[in-house]
Amino acid sequence: MNDLTDHDLVVLAGGAARRLGGADKPALSVGGRPLLDRVLAACPDAATTVVVGPARPTDRAVVHALEDPPGGGPLAALDAGLRHTTTPTVLVLSADLPFLTAATVRGLLAAATRTTDAAGPGGSAAPRDGAMLRDASGRDQPLVAAYRAEPLRRALTRIRAAHGSLAGLPLRALLAELVLERVPDPTATASFDCDTWEDISAARARIREHGNVLDEWITAVKAELDIELDVDTAALLDLARDAAHGVARPAAPLTTFLIGYAAGRQDRDVQELADRAAALAHRWAAETEDASDAAGATGAEAKPAE
């Protein structure tokens, strides 16, 4: 069985971003977080994380590298990052993938470490050289990929020998040297990258769609507060509704805050605390209803007969 945790990560975060007017693309914010941090968050298990490009603040510790020559293009940047890696498998990602997920990363790692169907020398199945995402239009995405490190190094060496340098060469020169599995991305979500301001605007709008906004917001808050906590959004929303209806509207945010505080201070289960608070809200509401019923009954008894 392959160990999917035995991998390094190389993120290419250089480039001139000409279509963005020279903006520092990896630092642009989508959903309140820099694009680079969103990519890093999708790869929490990498043994070493190398970011190739100008040094920037990041949510977690990374190794910084620069291509030689500066501005030498993606193959030169990949070579510079690869020099800092030691694991058998290397994730290679661009820094502008706002919707990349850990599930997609795991899928790439699993595909990269499987063997091909064809038998190699001696009748045994030959290992692939890696796996990359293929978007909904059928385009290969070599910067959303997992590569076996040794075949990748050998391929770069052959390309350098053939051309004298890696500078200025396109990524397709690498694809011709490797046997890669294509992993489909039928919704074009994980492979969505941000090359233009229109792309940035589209990503920011998608983050705020009804079906995404709560999960995205909670993820952003956890990253901002540097906490790791599984949040049952439905349970907390139910609790907030019960507190608002049964007590008073301001009780909703205050109650959920107290749940989080108790969970953090006492290392207790959020679901158990939410259940207890919800039960309290129901008891509170029941007492209010009982009091209203009693007041109504007393008023009816006191009313004089006509």
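The values are calculated or read from the model by the stated rules, or taken from the named source; none is laboratory data. Computed from a predicted structure; not experimentally measured. For neighbour counting, all protein chains shown are included, and Cβ atoms are generated from backbone atoms with ideal geometry for every residue, glycine included. Keep in mind that these areas ignore ligands, DNA and RNA; they rest on the heavy atoms of the full protein, side chains included. Shrake-Rupley method; radii C 1.70, N 1.55, O 1.52, S 1.80 Å.
Report yes if Ala65 is within 26 Å of Ile159 (Cβ to Cβ) and touching a residue at least 60 places away in the same chain (Cβ under 8 Å), otherwise no. Considered against the rule, which asks whether it is within 26 Å of Ile159 (Cβ to Cβ) and touching a residue at least 60 places away in the same chain (Cβ under 8 Å), Ala65 comes out as no.
State whether the residues of region 238-261 include one that is charged (D, E, K, R) and at pLDDT below 85.
No, the conditions are met nowhere in region 238-261.
Collect the residues in region 139-178 that are not in a helix (DSSP H, G or I) and not hydrophobic (A, V, I, L, M, F, W, C), keeping them in residue-number order. Residues satisfying the conditions are Arg139, Asp140, Gln141, Pro142, Tyr147, Arg148, Gly164, Ser165, Gly168, Pro170, Glu177.
Would region 32-45 turn up any residue that is within 16 Å of the chain's Cα centre (by Cα), closer than 27 Å to Arg172 by Cα and free of Cβ contacts under 8 Å to residues at least 40 places away in the same chain? Scanning region 32-45 turns up at least one residue that is within 16 Å of the chain's Cα centre (by Cα), closer than 27 Å to Arg172 by Cα and free of Cβ contacts under 8 Å to residues at least 40 places away in the same chain. Among residues of region 224-246 being assigned to a helix (DSSP H, G or I) and either touching a strand residue (DSSP E or B) at 6+ places or on another chain (Cβ under 6 Å) or among the acidic types (Asp, Glu) (or both), the one that is farthest from Pro44 (Cα to Cα) is Asp242.
Taking region 200-214 as the range and being in a helix (DSSP H, G or I) and open to solvent by 40 Å² or more (accessible area, probe 1.4 Å) as the test, the residues that pass are Ser201, Ala202, Arg204, Ala205, Arg206, Val213, Leu214. Among the residues of region 215-245, those identified as under 18 Å from the mean Cα position of the chain (by Cα) and surrounded by 14 or more Cβ atoms within 10 Å (Cβ to Cβ) are Glu216, Trp217, Ile218, Thr219, Ala220, Lys222, Ala223, Val231.
If you check Ala41, Ala17, Ala55, Ala23, which single one turns out to be open to solvent by 10 Å² or more (accessible area, probe 1.4 Å) and on the phi > 0 side of the Ramachandran plot? From the options Ala41, Ala17, Ala55, Ala23, the qualifying one is Ala17. For region 58-68, a residue qualifies if it is part of a loop (DSSP other than H, G, I, E, B) and open to solvent by 60 Å² or more (accessible area, probe 1.4 Å), and the qualifying residues are Asp59, Arg60, Ala61, Leu66, Asp68. The condition of being open to solvent by 50 Å² or more (accessible area, probe 1.4 Å) and not acidic (Asp, Glu) holds for Gly32. Being assigned to a loop (DSSP other than H, G, I, E, B), at pLDDT 90 or above and basic (Lys, Arg) is a condition met by at least one residue of region 76-98.
Annotation: Pro26 fulfils all but one of (1) of a type outside the set (D, E, K, R); (2) assigned to a loop (DSSP other than H, G, I, E, B); (3) in contact with a Gly (Cβ under 8 Å, 6 or more places away or on another chain); the unmet one is (2).
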